[in-house]
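First the structure, in the form of structure tokens, and then the observations on it.
Each value in this text was obtained by applying a stated rule to the coordinates, not by laboratory testing. In this text the structure is predicted, and so the values were computed from the model without any measurement.
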Amino acid sequence: MFRLKYYLFLIGFKKNSMLFSVSDPFSKATITADVKKKLSAKYNDYSFRIDQRRFGQITIVNVRIRLQKDHKSSVKLWYAYKETSSGIRSWDLI
């Protein structure tokens, strides 16, 4: 599943491809804070775990979300981060 989503990202099938800049230095703490901000807009009561892999200049982040009302099921979301000279760019993947 990870490879399929990564290949779709490479060929351009991405969701919400609007770029935005993250001002802090590129690190796991920055990615965690950005993901937490995105999840707070969608969910009220949740916990999450991040798994990230780096491919050259692109970091693919897999976020597993467990909602507090239903502990047995989880939701997976995928994000991509790229470090550029002007800052860090982020994409929500399908």
Starting from 0.36 nm per residue, how many nanometres of slack lie between Lys37 and Arg3 once their C-alpha separation is accounted for?
9.7 nm
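For Asp51 and Leu67 in one chain, what is 0.36 nm times their gap in residues minus the Cα-Cα distance, to one decimal in nm?
4.0 nm
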